[in-house]
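One structure is given below, encoded as structure tokens.
The values are calculated or read from the model by the stated rules, or taken from the named source; none is laboratory data. Computed from a prediction, not measured in an experiment: that's the story for all the values here. Glycine also receives a Cβ, built like all others from the backbone with ideal geometry; neighbour counts cover every protein chain displayed. These area figures cover heavy atoms from the full protein model, side chains too; ligands, DNA and RNA do not enter into them. Shrake-Rupley method; radii C 1.70, N 1.55, O 1.52, S 1.80 Å.
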Amino acid sequence: MPDKKLRLGVLISGSGTNLQAIIDACAEQFLDAEVVVVVSDKEAAYGLERARKAHIAAVWVDRTAYTTFRDYNHAILFALRTHEVDLVVMAGYMRLLTREVLDAFPMRVVNIHPALLPSFPGASGIHDAFDHGVKITGVTVHFATDKFDEGPIIAQEAVPVLEGDTAESLEARIHEAEHRLYPAALQLIAEGRVSIEGRKARIIG
Ligand code: GRF
């Protein structure tokens, strides 16, 4: 197992409950990594406050301050490089990353999605699955590409839709599953147990 802790740069846009689960897992030494910077495209994202409370660098990169999406992504990349990030963790970050960022971290950018991909991609995966009437949905952790919710799947957890569920009660259980699965998937990467073969991620051991 590598002796150096994996340095995580977490990208967020919102409340950051997944970020919190990752911070807590690092503190509890369930996850052999440390969050070294949190970057948000939203100034008001509560996740930035969570980062500050945990004494982690909290960076707001204002999209409107950059003329092009490329320049904005360059600023994101600068923040990640400044903090010597090993692995980029998208946790409710609601934008794509450009090739420039992805190429700087080949197969070192991961994302979480609140449905069983490739079903129900997009910003409303939980509600779309619920409205479709599926009996099982879940959570997916995958390597990110330059397309939304695509890339080799690292881990999935199924969440049954129960009789009497509302979209809100389902959402609560999905989030519980996310908060378990994301740290566990990151730990597999920290242990060097995830490899890529073609379109597939494989777990070693
Ligand atoms: C999560 O459901 C995640 O799967 C999705 O955005 C949500 C972020 O929630 N991509 P939070 O900011 O971590 O609370």
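See the values below:
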{"read-out": "Any hit, the range 48-59, residues being open to solvent by 50 Å² or more (accessible area, probe 1.4 Å) and either in contact with a Ser or Thr (Cβ under 7 Å, 6 or more places away or on another chain) or closer than 21 Å to Arg180 by Cα (or both)", "value": "no"}
{"read-out": "Search result, residues across the range 81-106 that are over 29 Å from Arg173 (Cα atoms), of a type in the set (A, V, I, L, M), part of a loop (DSSP other than H, G, I, E, B) and open to solvent by 20 Å² or more (accessible area, probe 1.4 Å)", "value": "none"}
{"read-out": "Residue in the range 74-95 that is within 16 Å of the ligand (Cβ to nearest atom), farther than 29 Å from Ile196 by Cα and of a type in the set (Lys, Arg) present", "value": "no"}
{"read-out": "Residue within the range 156-171 that is more than 16 Å from the ligand (Cβ to nearest atom), small (Gly, Ala, Ser) and either assigned to a helix (DSSP H, G or I) or without any contact (Cβ under 8 Å) to a residue 12 or more places away in the chain (or both) present", "value": "yes"}
{"read-out": "Residue pairs meeting the criteria (Cβ under 6 Å; at least 6 apart or on separate chains; first over 19 Å from Asp146 (Cα atoms) and of a type in the set (A, V, I, L, M, F, W, C), in the range 115-128; second part of a loop (DSSP other than H, G, I, E, B) and modelled with pLDDT of 95 or more)", "value": "Ile126/Pro114"}
{"read-out": "Single unsatisfied condition, Pro152 versus (1) open to solvent by 50 Å² or more (accessible area, probe 1.4 Å); (2) at pLDDT 95 or above", "value": "(1)"}
{"read-out": "Criterion (open to solvent by 50 Å² or more (accessible area, probe 1.4 Å) and under 18 Å from Glu178 (Cβ atoms)) met by exactly one of Phe78, Phe69, Phe30", "value": "Phe30"}
{"read-out": "Those strands (runs of 3 or more DSSP E) lying entirely in the range 1-64 with at least 2 residues out of contact with any Lys or Arg (no Cβ under 7 Å at 6 or more places or on another chain) and more than 22 Å from Phe143 (Cα to Cα)", "value": "57-60"}
{"read-out": "Subset of the range 23-42 [within 15 Å of the ligand (Cβ to nearest atom), over 18 Å from Leu96 (Cα atoms) and in contact with a strand residue (DSSP E or B) (Cβ under 6 Å, 6 or more places away or on another chain)]", "value": "Ile23, Val35"}
